[in-house]
Amino acid sequence: MFSVSSLRTVFRAAPQPRWLVTNRLSGSAAVSCSAHCVSTSVLKKDTWDSNFNFRALGKERELFISTKQVCSRRDLCTSQVKLSCWKCQQALDQTPSFFCMSCKVVQPPEEGISFFQIMDCDYTFTLDTQKLQKRYLQLQRSLHPDNFSQNSVREQEYSESHSALVNKAYKTLLKPLSRGLYMLELKGMRLEEGTDLGADSDFLMELMEINEALDEAQTPEEANKIGQDTKGKLADLTEQIDAALREGELQVSKALLAQMKYYANIEEKVKKKLSEFM
Amino acid sequence: MASSVTKKCLSPLAFLSRRFSAPEFISQCCYHKKVVDHYENPRNVGSLDKNSKKVGTGLVGAPACGDVMKLQIEVDDEGKIVDARFKTFGCGSAIASSSLATEWVKGKSVDEALMIKNTDIAKELSLPPVKLHCSMLAEDAIKAALADYRLKQDGEQQEAVRASR
């Protein structure tokens, strides 16, 4: 892990700080490029699949691997609005751009960038949470408003909004439920606000029984048992959702995520119940 | 819950310090005192015998918030609802909505109970827009209970017809 001061030195000295530019970044440029041209909710299944499979396609990889090959990105997306630094007007070549490459000044968050791009994670349901956490700490070390107390008001505002966005991205991607729901959102789907009219009544009955049992639990052991069962169900659902999202089966994923929501609520209640016993 | 209500109402400092955690405005709504009343003094919590022919059971869920609601009605021979019970696992607004629903259906006929609208429930409890779906859930629970009762009654009628042959 870098120390904060050495990070700052790396950032100031190197023209292209490596930890801001990753191998994957250029690969994801194709995806992010289309995100700029159209809204993020139209990240098509085939784009996602090609991103998922691109490691297998050696040839295509050559086209994207070099961070210096800015031209390839431009060719792919001619209608992209070019973003430039608000201070020195240089083009912001990277996506996402946290700092300008030339004058190093902090940039405001861009529209249409997904949380996966911000946190430099593969656009899949399975996620390396350790890597996510590392990236989160890395980003906040440079973006946090505390670093900008001596800078201009505009820079302070930009660091605030960027830092808040990174917080939101981290929180969303950390837990499977919110991650899955976000992935659905990117495809234009949400869980219904109101009653689930197609819900399986046996399933709801089971949920009722678990909730009632938890309510009536007299000892921490009883509550724990319910907690363990729920954890098992959540792990099971995580696997199923991963498979469904890989196949692009959105309706199935949506139904599974709804189930996960119910069990996640029970998990929260178990924690509350256990704390009451203390 | 009452303590958390006061905390929500009187903590502008806490709200400000949470500014960095989300760029969008965090809505701090206090629960209306009627909702708090239903939460702290719930009416008609419990269960009825779901196997009884006179009992209709409505079981509904809201996937977005993960709430589950069970509402049961007991109907007498004249088609009047004589008893109602509920069990809801969810937020205060959902609990209050279902509690109010059980209060309202008592004494009504099956057809009158069908007329209860979520907007009436929401108005009575002064539910904020973000909690309107809770009243919707309660209305759907009433309808589901009535539908279940109807189904049982139709089933019973068919049995009686078969038996008389």
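The values are calculated or read from the model by the stated rules, or taken from the named source; none is laboratory data. This is a predicted model, so every value here is computed, not measured. Backbone-built Cβ (ideal geometry, glycine too); neighbour counts: all protein chains shown.
Here are the numbers:
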read-out	value
Pair list, Cβ < 8 Å and 6+ apart or interchain, from segment A:100-114 residues that are without any contact (Cβ under 8 Å) to a residue 12 or more places away in the chain to residues that are hydrophobic (A, V, I, L, M, F, W, C)	none
Selection count, segment B:63-104, where residues are crowded, with 24+ Cβ neighbours inside 10 Å, within 14 Å of chain A (Cβ to nearest Cβ), over 8 Å from the mean Cα position of the chain (by Cα) and assigned to a strand (DSSP E or B)	3
Matching residues, segment A:94-107, being of a type outside the set (A, V, I, L, M) and surrounded by fewer than 18 Cβ atoms within 10 Å (Cβ to Cβ)	A:SER102, A:CYS103, A:LYS104
Subset of segment A:157-210 (residues that are within 11 Å of the chain's Cα centre (by Cα) and either within 7 Å of chain B (Cβ to nearest Cβ) or not in a helix (DSSP H, G or I) (or both))	A:LEU165, A:ASN167, A:LYS168, A:LYS175
Condition check for B:LEU48: among the aliphatic types (A, V, I, L, M) and in a loop (DSSP other than H, G, I, E, B)	yes
Count - residues of segment B:125-165 that are out of contact with any His (no Cβ under 8 Å at 6 or more places or on another chain), more than 14 Å from chain A (Cβ to nearest Cβ) and buried (at least 21 other Cβ atoms within 10 Å of the Cβ)	2
In segment A:110-145, the residues that are more than 10 Å from the chain's Cα centre (by Cα), in a loop (DSSP other than H, G, I, E, B), surrounded by fewer than 18 Cβ atoms within 10 Å (Cβ to Cβ) and not hydroxyl-bearing (Ser, Thr, Tyr)	A:GLU111, A:GLY112, A:ASP128, A:HIS144
Check on A:ASP236, facing another protein chain (nearest Cβ under 10 Å), loosely packed, with under 15 Cβ neighbours inside 10 Å and assigned to a helix (DSSP H, G or I)	no
Segment A:211-225: number of residues that are more than 13 Å from chain B (Cβ to nearest Cβ), hydrophobic (A, V, I, L, M, F, W, C) and not in a loop (DSSP other than H, G, I, E, B)	1
Residues satisfying the stated conditions in segment A:244-278, i.e. under 15 Å from A:ASP229 (Cβ atoms) and of a type in the set (S, T, N, Q)	A:GLN259, A:ASN265
Subset tally (residues that are basic (Lys, Arg), away from every other protein chain (no Cβ under 14 Å) and out of contact with any helix residue (DSSP H, G or I) (no Cβ under 6 Å at 6 or more places or on another chain)) for segment B:32-62	2
Among the candidates A:LYS273, A:LYS254, residue that is within 11 Å of another protein chain (Cβ to nearest Cβ) and in contact (Cβ under 8 Å) with a residue 40 or more places away in the chain	A:LYS254
Lone unmet requirement of (1) out of contact with any strand residue (DSSP E or B) (no Cβ under 7 Å at 6 or more places or on another chain); (2) over 26 Å from A:GLU268 (Cβ atoms); (3) at pLDDT 85 or above for B:LYS80	(1)
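For every residue, the table says whether it meets (1) under 20 Å from A:LYS231 (Cα atoms); (2) of a type in the set (Ser, Thr, Tyr); (3) without any contact (Cβ under 8 Å) to a residue 60 or more places away in the chain.
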| position | (1), (2), (3) |
| --- | --- |
| A:GLU155 | no, no, yes |
| A:LEU173 | yes, no, yes |
| A:PRO176 | yes, no, no |
| A:GLU185 | no, no, no |
| A:ALA217 | yes, no, yes |
